[in-house]
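Student: Attaching a single structure in structure tokens format; questions to follow.
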Amino acid sequence: MDLSYTPAEEEFRARLREWLAKVLPSLPPKPSPDDWPGRRAYDLGWQRMLYDAGYADVHWDASPTTRLIFLEETEKAGAPYVGANFVGLLHAGPTIAAEGSAGQRARWLPPILRGEEIWCQGFSEPEAGSDLASLRTRARRDGDAYVVTGSKIWTSHAEVADWCELLVRTDAQAPKHRGISWLAMPMDAPGVTVRPLRTLAGSTEFAEVFLDEVRVPVANRVGEENDGWRVTMVTLSFERGTAFVGEVVACRRVLGEIAREARANGRWDDSGVRRRLGRLNAEFRALWRLTQWNVSEGEASGGVPGVGGSVFKLRYSRARQELYDVAAEVLGADALDLERGWVLDRLSSLSYTIAAGTSEIQRNIVGERILGLPKG
Amino acid sequence: MRFQLTADQRALRDGVRDVVARIFGREALWNAVDRGGGLDRGWWRELGAAGFFSLRLSEAEGGVGLGVPEAVLVFEEAGRALLPGPLVATHLAAGVVPGAATGEVVVTAVGGGGLVEWLEEADVVVGEVRGAVALRSVDPLTPLHRVPGADPSAGLDDLFVLLTAAEQLGTAVRACEAAVQHARTREQFGRPVGAFQAVKHLCAELLVRVEVARAAVYAAAVTVDPVDIAAARLLADEAAVRGARDCLQVHGGMGFTWEADVHLCLKRAWVRAERGGSITESEDLLARELLIEAG
């Protein structure tokens, strides 16, 4: 058991820190959450800066420990998060890298890294959310194209995406996990309609996507026809394994800010508030240690994160909600003012126990795949 | 950074698990319960011979020369086996109190809440126990005295708290294993109860608490930082106490009987949570650290 870093890793950290200190002051101001063209330009611009500085592929090529250092330092420095590049960098990119042909990798990976193309995720459907295998969007083969009809929902970044990692049913007769394929669909193809959805936080974080006889070249299929479920499981293990690392660092920073606010406004004198803050400090310290544990385990086993990500997500998603509940307790009546910091974050945190597989689904995964309990 | 057990650490854990299973398996556990809590000096010496108490002493001092992380792994196994006795106090006395390292001498200490375990069986007591009053201990395997007016956290050094947390982690592991074992085999309505989500989800949360506590306890063993230890302690207490309660729930009516092991886990977890000192103080330490870190 070792928590120290190698000289090479420390050197990477120092170099990154220095670079961040140099470039962050020159960044343009962050666009508002609803300014989608602005967000696209901002997030792609940041990715381009990473590319020029040699950090673009840190999520793919670097060792897990180096990636951990990258996420820790960028978050501590207040650098932009992956934002609209999320799906490309953390889902579609790694999936194409692992499962795509040489031609597919050459076509899609460089523009993700250079900050030129945005991806969105077309997995969930109105009738099939966490029960992903029940998806109904169908793709009929017509010459060298699939003709796709159906609809997707909860599609983050759909309004500004160039590509969609799309799950479609290519064999309606096969058992439900078997007849699915993974396609890269251009978002400007005729027949694609995007309708933004408004979240309970008032923002347009995601959209509904309607697909009406959309032609997607067969060459855009990643993996074999009807093998999309397995390809998807590769994607989801990335999602649950590494997607929240930077956020844990962010939560620890926010917790410190909440403590300072409590001291400033007198809530600190309430021992109940202090105890809750202390408990959350224990919680986020432990989640950071669990992150280091999982990363070390991934490093030892060769990269693809295991189901341990479900353990992490279950606890993290709850802790994040408790964090902003404590913030509300510290804010008092101000917690009802949308202009105050943390209030929108509190609303956003409500999605964490639902998105990327609900807590109930995660408990099934832990119960069945880790503990070996029988399926219900 | 390799925050994983090394091959040597895994070997040590497995070796300790074997020794503990041999000298204190389920039968020995229940014999001890039936005996009414007497301490078996025979296997206490066996623990000593296996290096349980001298683990961190240098080889020149007759020890094994290992560190805090290894001690934590060993105490986790002790907690998993529900090994009784003032293990932490005797381990910490090795090298200080003659005979403690080899298990010839039993050492106890005043813990949190002014509690003293195994006072009548101990040869040496660390701390002031004048006027100690016997309690009717809730845990059949931990006789307790209480020192009136004792400072609730006096004499509680960080290692005492950390090794107690390691024992809590081990007991949480045992509760999780017992719950899963029961959920896999006990059938109701024609299927194993673990197939029902309500039961499956209790088991999943048991494991989540174990894994979070494990990361915290192991990290605290590496850093030996007081704030890390306070965090580890809170999470390990939670994993053991909540874990035993959920394990009891998974067992249904059987869980409420004396003959099921579950209550032994829960009662020991309660004793250790108290022995580790005031929970409020740990929470307060962690809260204050937020301000220090933030500047």
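The numbers here are math on the coordinates, done by the rules we state, and not lab data. Just so it is clear, the structure is predicted and the values come from calculations on it, not from any experiment. Neighbour counts are summed over all protein chains in view; Cβ atoms, including those assigned to glycine, are modelled from backbone coordinates with ideal geometry.
Student: Please name whichever of B:106, B:133, B:87 sits farthest to the positive end of the charge dipole of segment B:87-143, dipole taken about the Cα centre and charges placed at Cβ: Lys and Arg +1, Asp and Glu -1.
Tutor: Farthest along the dipole direction, towards plus: B:133.
Student: Quick one, can you get me the convex hull of the C-alpha atoms of segment B:141-295 expressed as volume per residue in Å³? Each step should come with its number before you reach the end.
Tutor: Working: hull volume 19.0 nm³, N = 155.
Here the figure is 123 Å³ per residue.
Student: Given an 8 Å cut-off on Cα distances and at least 6 residues of separation, report the relative contact order of segment B:152-209 as a percent.
Tutor: Numbers: 27 pairs, mean separation 15.3, N = 58.
After rounding, I find 26 percent.
Student: In degrees, nearest 10, range 0 to 90: what is the angle between the Cα axis of helix A:271-301 and the longest Cα principal axis of chain A?
Tutor: That works out to roughly 40 degrees.
Student: Here's another thing I want to ask about it. Between the helical axis of A:7-23 and the dominant principal axis of chain A, each derived from Cα atoms, what acute angle in degrees is found, rounded to the nearest 10?
Tutor: 90
Student: Shifting gears a bit: Quick check for me: using +1 on Lys/Arg Cβ and -1 on Asp/Glu Cβ, what's the dipole size of segment B:157-235 about its Cα centre, in debye to the nearest 20? Can you show the working numbers first?
Tutor: Numbers: 8 positive and 9 negative charges, 117 e Å.
With Lys and Arg at +1 and Asp and Glu at -1, about 560 debye.
Student: Still on this structure, I have one more. Sticking with the crude label model, points 7 Å out along Cα→Cβ, report the distance from residue B:259 to residue A:336 in nm, one decimal please.
Tutor: About 5.8 nm separates the two model spin labels.
Student: Can I ask one more? Measuring from label point to label point, each 7 Å out along Cα→Cβ, what is the residue A:149 to residue A:81 span in nm?
Tutor: Result for the modelled spin labels: 3.9 nm.
Student: Can you tell me the convex hull volume per residue for segment A:324-367, based on C-alpha atoms, in Å³ to the nearest whole number? Intermediate results must be reported in sequence, preceding the final value.
Tutor: Values: hull volume 3.2 nm³, N = 44.
Roughly 72 Å³ of hull volume per residue.
Student: Now a separate question. If the only charges are +1 at each Lys and Arg Cβ and -1 at each Asp and Glu Cβ, what is the size of the charge dipole of segment A:136-207 around the Cα centre, to the nearest 20 debye? Mind showing how you got there, number by number?
Tutor: Numbers: 10 positive and 8 negative charges, 101 e Å.
In debye, rounded to 20, segment A:136-207 gives about 480.
Student: Output ³J(HN,Hα) for segment A:50-58: one whole-Hz value per residue in order, computed from phi by the Karplus curve 6.51 cos²θ - 1.76 cosθ + 1.60 with θ = phi - 60°, and x for Gly and Pro.
Tutor: Here the 3J(HN,Hα) series is 4, 4, 4, 8, x, 10, 4, 9, 4 Hz.
Student: 222 nm [θ] for chain B, helices only, -39500 (n - 2.57) per DSSP H run of 4+, per residue, to 500?
Tutor: Using -39500 (n - 2.57) per qualifying helix, the result is -19000 deg cm²/dmol.
Student: On average, how many beta carbons from a partner chain sit within 10 Å of the beta carbon of a residue in A:359-371?
Tutor: Working: counts 3, 3, 0, 3, 9, 4, 1, 9, 14, 4, 0, 6, 12.
Going residue by residue through A:359-371 and averaging, the value is 5.
Student: Given the pairs A:22/A:76; A:176/A:313; A:30/A:76; A:152/A:313; A:30/A:313, which are separated by over 20 angstrom at their Cα positions? It would help to have the intermediate numbers written out before the result.
Tutor: On the way: A:22/A:76 15 Å; A:176/A:313 26 Å; A:30/A:76 17 Å; A:152/A:313 24 Å; A:30/A:313 28 Å.
Where the Cα-Cα span goes over 20 Å, the pairs concerned are A:176/A:313; A:152/A:313; A:30/A:313.
Student: Given contacts defined as C-alpha pairs under 8 Å and at least six residues apart, what's the relative contact order of segment B:207-288, whole-number percent? Show your work: numbers first, answer last.
Tutor: Details: 62 pairs, mean separation 25.3, N = 82.
The value is 31 percent.
Student: Which whole-percent values make up P(r) of the protein assembly as shown when all C-alpha to C-alpha distances are grouped in 10 Å steps starting at zero?
Tutor: For the protein assembly as shown, the binned pair fractions read 3, 14, 23, 23, 18, 11, 6, 2, 0, 0 percent.
Student: Next question. List every residue whose amide H lies under 5 Å from the amide H of residue B:57, counting only residues 5 or more places away in sequence or on a different chain, with H placed 1.01 Å from N in the peptide plane.
Tutor: When sequence neighbours closer than 5 places are left aside, the close amide H contacts are B:64, B:65, B:66.
Student: Also, quick follow-up: Karplus couplings for segment A:68-75 from phi (6.51 cos²θ - 1.76 cosθ + 1.60, θ = phi - 60°), rounded to Hz, Gly and Pro as x?
Tutor: Karplus values, whole Hz, x for Gly and Pro: 4, 5, 4, 5, 5, 6, 5, 5.
Student: Now for a separate question. For the peptides A:224-234, B:162-172, what is the packing order when you average, over each peptide's residues, the other Cβ atoms within 10 Å and list the highest mean first? Present the calculation step by step, with values, prior to reporting the outcome.
Tutor: Working: A:224-234: 18.1, B:162-172: 29.4.
For the peptides A:224-234, B:162-172, the packing ranking is B:162-172, A:224-234.
Student: Okay, next question. Need the C-alpha centroid separation for segment A:151-205 versus segment B:29-100, integer Å.
Tutor: 59
Student: For residue A:145, list long-range residues whose amide hydrogen, built 1.01 Å from N in the peptide plane, is under 5 Å from its own amide hydrogen.
Tutor: Amide H to amide H, under 5 Å and 5 or more residues apart or across chains, residue A:145 pairs with A:218.
Student: Using only Cα atoms and rounding to the nearest 10 degrees, what angle (0 to 90) does helix A:102-114 make with the longest principal axis of chain A?
Tutor: 30
Student: For segment A:127-167, give the magnitude of the charge dipole about the Cα centre (Cβ charges: +1 Lys/Arg, -1 Asp/Glu; no others), in debye to the nearest 20.
Tutor: My answer is approximately 220 debye.
Student: Where the centroid of each part is defined by its Cα atoms, how far is segment B:126-142 from segment B:194-243 in Å?
Tutor: Segment B:126-142 and segment B:194-243 have Cα centres separated by 28 Å.
Student: Explain nothing, just the number: relative contact order of chain A, from Cα pairs under 8 Å at least 6 residues apart, as a whole percent. All intermediate terms of the calculation are to be shown ahead of the outcome.
Tutor: Working: 580 pairs, mean separation 50.1, N = 376.
13 percent.
Student: Next question. Per DSSP H run of n ≥ 4, the term is -39500 (n - 2.57); total these for chain A, divide by its residue number, and report the mean residue ellipticity at 222 nm rounded to 500 deg cm²/dmol. Please list the in-between numbers first.
Tutor: Values: 11 runs with 173 residues, N = 376.
Calculated at 222 nm, the ellipticity per residue is -15000 deg cm²/dmol.
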